[in-house]
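S.K.: Mind looking over this structure? Questions follow.
The values are calculated or read from the model by the stated rules, or taken from the named source; none is laboratory data. Given the structure is predicted, the values throughout are model-derived calculations rather than measurements. With ideal geometry, Cβ positions are generated from the backbone for all residues, glycine too; neighbour counts draw on all protein chains shown.
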Amino acid sequence: MPGPDAAGAPLPVGSPAPDFDLDATGGRRIRLASLLAAGPVALFFYPGNDTPG
């Protein structure tokens, strides 16, 4: 469900993450809204090869 700014400017610190869904194992989908319905969610974004070291 990317919006017009999906790859645009970063979110301000402390702002809620926009809802999104991702492919999971076994052909399932994981949606942020579904996870939030069960309680708090911590998101971690791994920069991968975009950082030195």
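S.K.: Please work out which one of (1) at pLDDT 90 or above; (2) not in a loop (DSSP other than H, G, I, E, B) is the condition Asn49 fails and give its number.
M.R.: Going through (1) at pLDDT 90 or above; (2) not in a loop (DSSP other than H, G, I, E, B) one by one, Asn49 breaks only (1).
S.K.: Shifting gears a bit: Out of all the residues in segment 14-44, which are assigned to a loop (DSSP other than H, G, I, E, B), surrounded by 12 or more Cβ atoms within 10 Å (Cβ to Cβ) and either at pLDDT 95 or above or touching a strand residue (DSSP E or B) at 6+ places or on another chain (Cβ under 8 Å) (or both)?
M.R.: Asp19, Phe20
S.K.: A further question on this structure: Are there any pairs with C-beta distances below 8 angstrom linking a residue in segment 21-48 that is farther than 23 Å from Pro10 by Cα to a residue that is surrounded by 10 or more Cβ atoms within 10 Å (Cβ to Cβ), with the two at least 6 apart or on different chains, and if so which?
M.R.: Ala24/Ile30; Arg29/Asp21
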